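The values are calculated or read from the model by the stated rules, or taken from the named source; none is laboratory data. Note that the structure is predicted; figures quoted are calculated from it, not measured. Because the Cβ atoms are built from the backbone with ideal geometry, glycine has one as well, and the counts that use them run over all protein chains shown.
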Amino acid sequence: MRPAAHARPAPQPLGADDAVIRVEGLEKTYASGFTALRNVDLTIRRGEIFALLGENGAGKSTLIGAICGLVRPSAGRILVDGHDALADYRVARTKIGLVPQELHVDSFERVMDTVAFSRGLFGKPRDAAFVEGVLRDLSLWDKRDAKIIALSGGMKRRLLIAKALAHEPAILFLDEPTAGVDVELRRDMWRMVHRLRERGVTIILTTHYIEEAEEMADRVGVIHKGEILLVEEKTALMRKLGRRELTLHLREPLAALPDAIARPALTLDAEGRTLTYVFDSQSEDTGIADLLRRLSEAGVEVRDLATTESSLEEIFVSLVKGRPS
């Protein structure tokens, strides 16, 4: 690999810390000249569920491909459970299970046979009991003798996960795991992911469903045009960047905001019946008490009130909005 274009401190060995994947200065430029990854640094903690968010073409698949050994980076280093993903590829790859978006197997192969074959590919000894356990966990045991061509779309998606788990990996990559599946199956798969994490498996998922990251992830990373914009604990990210609003429904409409209560964070809807106040929930003084006092003094009666918090989707949009296209 070519050296990084700018000076970087010498990478240190992965110590006895909680990192199961460490990416340092990763870059990928294709022969066409297109740069898919730009100086990516990323650490994935052992046993966490990490959601990688990004638009189409942001670099999610290239990053996953590089970690899994499917894409050769132009610069940088990747450590998988302490093993260099290039210098010690075979060992690093055994640590990883990859669930792609599409199933590429012989459609006339039996379910149980294809999972057992995937286990053998990684040099694992035959273990019918383990394979049975994987199939049962994924509600595939009743389909063990069925040919893949006879499976529904949802069952094929489960089979992809079974194949990825066949060699007992410590890390599982899920690339758009619930794209195109119904809501019920999506929630079943969410529960399955949580069970895997409880067993100590580290989960990294890419998704277009923001609710998926909001439901499952411990931490969230946002990638845009090949660069990591941020990596943050999900709850901390939503506290830090999430906007909270206080909505006040008035008993009588207002023609305009009285001067006594007017402020930049307060708006009146077109009908004059609803006030919206944007505030920082982490501030020692949100200004809500003062606002309610001023409303009372101005004779403005409030019929009802409620608070809302911006979703992860709104935060994601705000992060990439205005970035170079």
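Just checking, does the stretch 107-125 include any residue being among the basic types (K, R) and more than 19 Å from A170 (Cα to Cα)?
There is at least one residue in the stretch 107-125 that is among the basic types (K, R) and more than 19 Å from A170 (Cα to Cα).
Can you tell me which residues in the stretch 33-45 are under 16 Å from S61 (Cβ atoms) and either within 19 Å of the chain's Cα centre (by Cα) or not β-branched (V, I, T) (or both)?
F34, A36, L37, R38, V40, L42
Filter the stretch 234-259 down to the residues that are assigned to a loop (DSSP other than H, G, I, E, B) and modelled with pLDDT under 85, then identify the one that is farthest from E215 (Cα to Cα).
Here the residue is R243.
In this structure, is G200 touching a Gly at 6+ places or on another chain (Cβ under 9 Å), modelled with pLDDT under 75 and part of a loop (DSSP other than H, G, I, E, B)?
No.
Only one residue in E314, E271 is among the acidic types (D, E), assigned to a helix (DSSP H, G or I) and either modelled with pLDDT of 85 or more or out of contact with any helix residue (DSSP H, G or I) (no Cβ under 8 Å at 6 or more places or on another chain) (or both), so which one is that?
E314
Among (1) surrounded by 18 or more Cβ atoms within 10 Å (Cβ to Cβ); (2) under 29 Å from W141 (Cα atoms), where does F117 come up short?
Tallying (1) surrounded by 18 or more Cβ atoms within 10 Å (Cβ to Cβ); (2) under 29 Å from W141 (Cα atoms), F117 fails exactly one: (1).
Any idea how many residues of the stretch 189-200 are free of Cβ contacts under 8 Å to residues at least 12 places away in the same chain and either basic (K, R) or crowded, with 17+ Cβ neighbours inside 10 Å (or both)?
Looking only at that region, the number is 2.
Can you tell me which of (1) assigned to a loop (DSSP other than H, G, I, E, B); (2) crowded, with 21+ Cβ neighbours inside 10 Å is the one L98 doesn't meet?
Result: L98 passes all but (1).
Please find, within the stretch 142-158, the residue that is nearest to L174 (Cα to Cα) out of those that are surrounded by fewer than 15 Cβ atoms within 10 Å (Cβ to Cβ) and within 30 Å of the chain's Cα centre (by Cα).
My answer is G153.
Quick one: in the stretch 167-185, of everything that is within 29 Å of A128 (Cβ to Cβ) and part of a loop (DSSP other than H, G, I, E, B), which residue is modelled with the lowest pLDDT?
So the residue we want is V181.
Being touching a Ser or Thr at 6+ places or on another chain (Cβ under 6 Å) and either on the phi > 0 side of the Ramachandran plot or in a helix (DSSP H, G or I) (or both) is the filter here, so list the residues in the stretch 117-155 that pass it.
Across the stretch 117-155, the qualifying residues are I148, I149.
Tally the residues that are surrounded by 19 or more Cβ atoms within 10 Å (Cβ to Cβ) and aliphatic (A, V, I, L, M), restricting the search to the stretch 59-73.
4
For the condition touching a Gly at 6+ places or on another chain (Cβ under 9 Å), in a strand (DSSP E or B), at negative phi and touching a residue at least 60 places away in the same chain (Cβ under 8 Å), what is the one hit in L42, L79, L63, L86?
From the options L42, L79, L63, L86, the qualifying one is L42.
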